[in-house]
Amino acid sequence: MDERQALSSFAALSQETRLQIVRTLVVAGPEGMAAGAIAEKLGVSPSTMSFHLKELDRSGLIGQQRESRSIIYTANYDALAGLIRFLTEDCCAGNPHICTPAAAVACHSPSPVEKKA
């Protein structure tokens, strides 16, 4: 991931609803969720949800696919992993192994989104 892509990702995530959407989709896993289900879970109107989903899709942090009459949204795990790598590639003066324990804990700790579910 280059700096331009990282900035686009951070810009997309810097809005509360969009951050909640990404976290919800990460918890949902590869099966993803329909826009209506995400909107209902987060208490957001469908039109507002549509706007935020388009922004996240444009940034590459989520993907979409049509299933019958629904569009299913999923987290783009490769893009999210790329963003984490971008943040940690110069960790501790080029010693990324120092960041590994913190990343491992973060990956195995339940998120606030999971705790609410």
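The values are calculated or read from the model by the stated rules, or taken from the named source; none is laboratory data. These numbers were taken from a predicted model, which means no experiment stands behind them. When we count neighbours, we look across all protein chains shown, and the Cβ atoms used for this are built from the backbone with ideal geometry, even at glycine.
List the residue pairs whose Cβ atoms are under 8 Å apart, where the first residue sits in region 57-84 and is touching a residue at least 12 places away in the same chain (Cβ under 8 Å), the second is among the charged types (D, E, K, R) and outside any helix (DSSP H, G or I), and the two are 6 or more positions apart or on different chains.
Taking only residues 6 or more apart or on different chains, the pairs are I72/R66.
Could you say whether any residue in region 87-109 is part of a helix (DSSP H, G or I), under 15 Å from L13 (Cα atoms) and modelled with pLDDT under 95?
yes
What single numbered condition from (1) of a type in the set (V, I, T); (2) in a helix (DSSP H, G or I); (3) at pLDDT 95 or above fails to hold for I84?
Here I84 meets the rest and fails (3).
A6 versus (1) at pLDDT 95 or above; (2) among the small types (G, A, S); (3) under 24 Å from E89 (Cβ atoms): which is the lone unmet condition?
A6 satisfies all of (1) at pLDDT 95 or above; (2) among the small types (G, A, S); (3) under 24 Å from E89 (Cβ atoms) except (1).
With respect to T17, determine if the residue is of a type outside the set (A, V, I, L, M, F, W, C) and closer than 14 Å to Y73 by Cα.
Against the criterion (of a type outside the set (A, V, I, L, M, F, W, C) and closer than 14 Å to Y73 by Cα), T17 does not qualify.
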